[in-house]
Structures are given as C-alpha cells and as structure tokens.
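Read the structure below first, then the notes.
The values are calculated or read from the model by the stated rules, or taken from the named source; none is laboratory data. It should be emphasised that the depicted structure is a prediction, and the values quoted were computed from it without experimental measurement. Neighbour counts are summed over all protein chains in view; Cβ atoms, including those assigned to glycine, are modelled from backbone coordinates with ideal geometry.
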Amino acid sequence: MTDRNTELFLRAQRCIPGGVNSPVRAFGNVGGTPPFIASARGCRIRDADGREYIDYVGSWGPAILGHADPEVIRAVQQKAAQGLSFGAPTEIEVEMAETLCARVPNLDMVRLVSSGTEATMSAIRLARGFTGRAAIVKFEGCYHGHADSLLVKAGSGMLTFGHPSSAGVPDDFARHTLVLPYNDVAALEETFAQRGGEIAGVIVEPVAGNMNLVKPTAAFLEALRALCTQHGAVLIVDEVMTGFRVGPKGAQGLLGIDADLVTLGKIIGGGMPVGAFGGRREIMEKVAPLGPVYQAGTLSGSPVALAAGLATLAKIAEPGFYETLSARSRQLTEGLTAAAARHGVPFSAQAVGGMFGLYFCREIPGCFDDVMKIDREAFGRFFHGMLAAGHSFAPSPFEAGFVSAAHSAADIDSTLAAADRVFGSLL
Ligand code: PMP
C-alpha cells in the first residue's frame, strides 16, 4: 500500500486499538494495510493517497444510493443549519416513525436509537421484559451487534478474527443465550420441546449476512414462526442489514415472515448513525415511559441523522429502484461465476436484492459449517488482486457485499474485466 495510508495506519495503531474503530476495518483476515478513505462519491471511494476504487462495501450496507448522494447531503446540510440536537422531541422523528411503520411489515410502533447494536440490545431486553423469561435463542454465525447476550458464537468480525465468543461476557450472562445451527429445524424443535417455557425470544438474521451470505430455508422460517407462537416467545427479525436492502419491505416482505419485533439500522440512517426497533403494539407498550422496560439515549432520533435517512428512504421508494439494484447485483455475481469457471477456480456466488455472497467453494453454502469450508487463502489472493486493480470488496471471506444504485452496468463490467485477470492469476 502507498505511503500516506501506511503512515496513517502506523499513527492510528499507536493510539487506537488495532488502528481502527471497528475490528473488520483492520484487514485482520486478509493482511496488509487498509486504505484510509478521504472521500467518496457514487460507487467510488478515494483513499488518502488519491487512489480510487469501485466500492462493494458501501459502508457495510448503508450506502444503497452510493456515497455522498447530492439530495442526502443537501438534506443533512439544511437540517444541521437548524441546530444539531435538542434532547427534546422533533417533527422529523415523527416523520421517520410514520414512514417506517407504513413501509416495514408488522411495525405498529417504533423507537429510534443510534446504532444497530442499540436496536438489538433493546429488543432483547424488551422480549425479556414482555415475557418475564430470560433465555434467548440465536444462531451460529449470525451477528446482531456487540451487546453481551449476543456475542456468543457470533459472525462478522468475531468470525474474521477467529474468536466467535467475546472475553468479558460472564458465563452467567452467556448461559441465557442458546446457540443453534442456522437452518436446522430439528435443533430448533428439540430446544423448544426441552426449554420452551424459558425462552423469551428468538433473534434471527432473516438472510444471514455476517457469515458471508446464507439464505434461510422456507422450512426454517416457518418453524421459527410456529414455535415462537406455540411457546409464547417473541420472534425478533433482525433487519439491520436486510431492511430496505433485499427489497422495499425488507426480508419480511420478500420472504413472507411475520415478526413480533423488528430491528433496523444501516440504510434507515443513510450513512448517519440511526437504528430502530419496533413491532407489535402490545409489546412496544412495555417500553419506557409507557411501560417498565427502560431504554433511552441522549442523541436518539438525531434530527440531522434522520434527515439523511428520510432523504434516502424517499429515493429508494421510486418505481423500479429494486429491479435495477437486483439486476446489477446479479450482473456482478453471474459475471464473477462465469469468469471463475473460465479459469477453473472453484467458486460460487449469489445475490438477494442489493446484497451478495462470493464463495471460494463450488457449492453455495447453506449453513455455517458449509461457510467454514471456503478456501480462505484463495479469497485473500482474490481480494488483494482486486484491490490493487481498484475494486474494493469486504476484507473477509465471512462478510456479504453490497451493490448500490450508483453502480452502473459499465462500472460492474469494469470489475468483471479485472476479476477475469485476477481469477486467471490464482491457479
Ligand atoms: N445486526 C445485524 C444483522 C448487523 O449486520 C449489524 C452490523 N453489521 C448489527 C446488528 C449491528 O449494527 P451496528 O454495527 O450499527 O451496531
């Protein structure tokens, strides 16, 4: 990597753990120096040395319109000029809550927070407060932010760094988290049969995007809903990544899931810090100040952040938006699959709306164990080959990728041409 990035990374490592403020940014899986981003526009990001890359990370999901969309930036500037935060209610919070309740299935009421982690952490507390039970079911390889109960056998950076459970989470906390294999109906049935009366809720990524991309089976989704209903547990569908990403109604709309609680983040903030949790009225009425489950935030519902989110939500509601987005993702995954095949590289790929999975193995993975069979070394060489050619993918074989509305067919073609050369150099 060129000089200015190296210099910044060295400086950063002296005063920030690992030189980064979120672990996956440190290139722990693939090695090397991460480019420090100076600016971005559309699908292109530019590093501290002035090098440009076509970006398939999209700030890990929020940048569905591409970077620095002019209407989003204008909305932020106008709102900022009116004052940054007041610690008092504002009209834009009502607009965002109404918009989310109108567009996300099963959302009667919603509370706005500042990150996906806060959304899932609060939803877990609420499920526990609502049911009076302690146990939570989560699935291996799913990541739901870094709250204590959820850092058990988690995905994303936890997988990348090979420590799927975190130090600092007492066994007393972790024992309330039951971890089951994703897409395993029998394991779910058995757990509910044995401990159904203790389970406050089940939290699931409706399309898993933190162990690369793994699609749910219809039988798994059906069993989740049926067992939660039968045993009085709260079904929490974590749409922090999939919300407005896989389709206009998120994974619930795409796959016909009925959540009791939904968590949101990423796209609803349009690149600014926003999260949300909401759901059925009788559950949401347990949240303070209406009910006994406490939840709060000095900067919650930040008007400037919500201005970015609402401007984004307005643009993605335009007719044809998701058709074009999905076509671009498919162009990428189908083109990469064809290029790998031309060079005899074991590879597969798939897309769901504007998110995609790339796998250095022949068959598309259907569960966590399949994902563990990916050829990490081949991925690392592909990643660095593409980065050197000016195409930036997530720096880990265990993350999903993201396409934006700012990626043109020609942008994707240029990535495919580079991939053809890189695949050719792999064997
Ligand atoms: N849930 C899911 C499904 C996520 O993908 C993430 C972040 N990648 C989170 C929760 C946590 O969100 P945040 O990083 O905003 O805290």
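Got at least one residue in segment 257-272 being away from the ligand (no atom under 14 Å from the Cβ), among the small types (G, A, S) and surrounded by 18 or more Cβ atoms within 10 Å (Cβ to Cβ)?
Within segment 257-272, none of the residues are away from the ligand (no atom under 14 Å from the Cβ), among the small types (G, A, S) and surrounded by 18 or more Cβ atoms within 10 Å (Cβ to Cβ).
State which residue is farthest from S122 (Cα to Cα) when the search covers only segment 205-228 and only residues that are within 14 Å of the ligand (Cβ to nearest atom) and touching a helix residue (DSSP H, G or I) at 6+ places or on another chain (Cβ under 6 Å).
Initially, segment 205-228 is screened for residues within 14 Å of the ligand (Cβ to nearest atom), giving 205-214, 216.
In the following step, the residues that additionally are touching a helix residue (DSSP H, G or I) at 6+ places or on another chain (Cβ under 6 Å) were identified as 206-207, 211-212.
Details: P206: 19, V207: 21, M211: 23, N212: 25 Å.
Filtering first and then ranking leaves N212.
Which of the residues spanning segment 274-324 are closer than 24 Å to D258 by Cα, among the small types (G, A, S) and not in a loop (DSSP other than H, G, I, E, B)?
G275, A276, G278, G279
Here are the criteria: (1) farther than 19 Å from G250 by Cβ; (2) assigned by TED's automatic domain parsing to the domain that holds A251. Tell me which single one L332 does not satisfy.
So L332 meets the others, but not (2).
If we scan segment 129-138, do we find a residue that is within 15 Å of the ligand (Cβ to nearest atom) and hydrophobic (A, V, I, L, M, F, W, C)? Before the answer, list the steps.
Restricting attention to segment 129-138, the residues satisfying the condition of being within 15 Å of the ligand (Cβ to nearest atom) are 136, 138.
Adding the requirement that they be hydrophobic (A, V, I, L, M, F, W, C) leaves 136.
Yes, segment 129-138 has at least one match.
State whether one or more residues within segment 229-251 are within 16 Å of the ligand (Cβ to nearest atom), of a type in the set (G, A, S) and part of a helix (DSSP H, G or I).
yes
Taking the conditions exactly as written (hydrophobic (A, V, I, L, M, F, W, C), under 24 Å from the mean Cα position of the chain (by Cα) and modelled with pLDDT of 95 or more), does V352 satisfy them or not?
Working: hydrophobic (A, V, I, L, M, F, W, C): yes; under 24 Å from the mean Cα position of the chain (by Cα): yes; modelled with pLDDT of 95 or more: yes.
In short, yes.
Only one of these conditions is not met by G271: (1) without any contact (Cβ under 8 Å) to a residue 60 or more places away in the chain; (2) out of contact with any Phe, Trp or Tyr (no Cβ under 9 Å at 6 or more places or on another chain). Which number is it?
The failed condition is (1).
For (1) in contact (Cβ under 8 Å) with a residue 40 or more places away in the chain; (2) under 29 Å from G353 (Cβ atoms), each residue gets a yes or a no:
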residue: V169; (1), (2): no, no
residue: L178; (1), (2): yes, no
residue: N183; (1), (2): yes, yes
residue: A187; (1), (2): no, yes
residue: V204; (1), (2): yes, yes
residue: V207; (1), (2): yes, yes
residue: N210; (1), (2): yes, yes
residue: A219; (1), (2): no, yes
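V104 fails exactly one of the following numbered conditions: (1) touching a strand residue (DSSP E or B) at 6+ places or on another chain (Cβ under 8 Å); (2) without any contact (Cβ under 8 Å) to a residue 60 or more places away in the chain. What is the number of that condition?
With (1) touching a strand residue (DSSP E or B) at 6+ places or on another chain (Cβ under 8 Å); (2) without any contact (Cβ under 8 Å) to a residue 60 or more places away in the chain applied to V104, the lone miss is (2).
Quick one: S149 ticks every box in (1) within 19 Å of the chain's Cα centre (by Cα); (2) in a helix (DSSP H, G or I); (3) at pLDDT 95 or above; (4) not aliphatic (A, V, I, L, M) bar one, so which box is it?
Evaluating S149 over (1) within 19 Å of the chain's Cα centre (by Cα); (2) in a helix (DSSP H, G or I); (3) at pLDDT 95 or above; (4) not aliphatic (A, V, I, L, M) leaves (3) as the failure.
Hey, among I64, I45, which residue is under 30 Å from V246 (Cβ atoms), of a type in the set (V, I, T) and in a strand (DSSP E or B)? Give the steps one after another, and end with the answer.
Values: I64 fails: in a strand (DSSP E or B).
Exactly one residue qualifies, and that residue is I45.
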